[in-house]
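Taking it in order: structure first as C-alpha cells, then the write-up.
The values are calculated or read from the model by the stated rules, or taken from the named source; none is laboratory data. Keep in mind the model is a prediction, meaning the values are calculated, not measured. In this analysis, Cβ positions are derived from the backbone assuming ideal geometry, glycine residues included, and neighbour counts consider all displayed protein chains.
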Amino acid sequence: MIYRSGLWLIFALVLTFGITPTLLPAHATDAAWARVQRGGYTILIQGGDASGALSPASDVSADCTTRTLSDRGHQLAQKLGARFAARGVRIDRVLTSSTCNARETARLSFGSSPTEIFAPLDQADGDDSARKTQLEQIRTTILTFKGSGNLVLLTDRTNIMALTGVTPRPTEAVVTAPAEDGETIHVAGRIIFD
C-alpha cells in the first residue's frame, strides 16, 4: 500500500538519510485543506501588521478608518481570502482581536463572513491570572464551536503558541479540532500559504 501511494520514497529518505523533504509540508497542508473543506474546525491565523508580516503590531487607533497594513500585508490578506474561496472553504464566523491590523486582515480576507471583535484575542497583559482567564475564554470558544463551516480566529502569535504549542510561520494557519485524550485543544493540521 505504501508503495502505491508514493510515500515509500519519503519514508525511505527519512529512514536512510534523516532527511525530511519539502514535500512533507505540502502533504500536511493538503490534509489540513481537506479537513477545513469539510467544515467544523477552528482556524487560528495571525493578523497582518504594518510591515507586511502576519503578526499584529499593537495599534490603538479607535476607529480603524485608515489603512494600517503595508502593501505586502494588504496583499497577503487578500491572497489568504482568495485561497480559502478557491478551495471552497466555508467560513461561518470570524472573530478578531481589536487591533486595527487584525480587523483589516479580517475585512480583506473574509469580508463576506460575519466578523466581530473578541477581546480575549488581544495581546495579553503581564498579569498571569488575567492571561489564564483570557486563554480559557479563547479555548472555550474553540471547543464549543459547532458549525457546518469553520470558525476563524485572528489573533497574535503569542496566543496561538499558548493555545496550541505551535509556533506558526508568519504565513501559516493552525487548524484545531475538539480535544482528544489528554489534550485541551487538538491541532488537526497546519496550512502554509507561501
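In table form, for the structure just shown:
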item: The stretch 62-80 - residue that is touching a residue at least 24 places away in the same chain (Cβ under 8 Å) and in a helix (DSSP H, G or I) and, of those, nearest to GLY149 (Cα to Cα); result: LEU80
item: The stretch 130-171, subset part of a helix (DSSP H, G or I) and of a type in the set (Gly, Ala, Ser), residue surrounded by the fewest Cβ atoms within 10 Å (Cβ to Cβ); result: ALA130
item: Conditions (1) touching a strand residue (DSSP E or B) at 6+ places or on another chain (Cβ under 7 Å); (2) at pLDDT below 90: number failed by SER97; result: (2)
item: Condition met for GLY111 (over 14 Å from GLY47 (Cβ atoms), surrounded by fewer than 17 Cβ atoms within 10 Å (Cβ to Cβ) and at pLDDT 95 or above); result: no
item: Tabulated pairs, the stretch 112-124, first outside any helix (DSSP H, G or I), second of a type in the set (Lys, Arg), C-beta under 6 angstrom, 6+ apart or interchain; result: PRO114/ARG93; ALA124/ARG131
item: Considering residues of the stretch 36-51 that are of a type outside the set (Val, Ile, Thr) and modelled with pLDDT of 95 or more only, the residue surrounded by the most Cβ atoms within 10 Å (Cβ to Cβ); result: LEU44
item: Subset of the stretch 170-189 [of a type in the set (D, E, K, R) and more than 11 Å from ILE45 (Cβ to Cβ)]; result: GLU180, ASP181, GLU183
item: Contacts under 9 angstrom Cβ, first residue in the stretch 81-100 being on the phi > 0 side of the Ramachandran plot, partner surrounded by fewer than 16 Cβ atoms within 10 Å (Cβ to Cβ), 6 or more apart; result: GLY88/GLN37
item: Those residues of the stretch 97-154 which are out of contact with any Gly (no Cβ under 7 Å at 6 or more places or on another chain) and polar (S, T, N, Q), in sequence order; result: SER98, SER112, SER113, THR115, GLN123, SER129, THR133, GLN134, GLN137, THR140, THR141, THR144
item: Pairs with Cβ under 8 Å, 6+ apart, first in the stretch 179-192 and modelled with pLDDT under 95, second part of a loop (DSSP other than H, G, I, E, B) and exposed (fewer than 14 other Cβ atoms within 10 Å of the Cβ); result: ILE185/ALA179; HIS186/ALA179; HIS186/GLU180; VAL187/GLY165
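Yes or no, residue by residue, for (1) over 25 Å from THR140 (Cβ atoms); (2) crowded, with 17+ Cβ neighbours inside 10 Å; (3) touching a helix residue (DSSP H, G or I) at 6+ places or on another chain (Cβ under 9 Å); (4) at pLDDT 95 or above:
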| position | (1), (2), (3), (4) |
| --- | --- |
| ASP71 | yes, no, no, no |
| HIS74 | yes, yes, yes, no |
| ALA77 | yes, yes, yes, no |
| ALA102 | no, yes, yes, no |
| THR105 | no, yes, yes, no |
| PHE118 | no, yes, yes, yes |
| GLY126 | no, no, no, no |
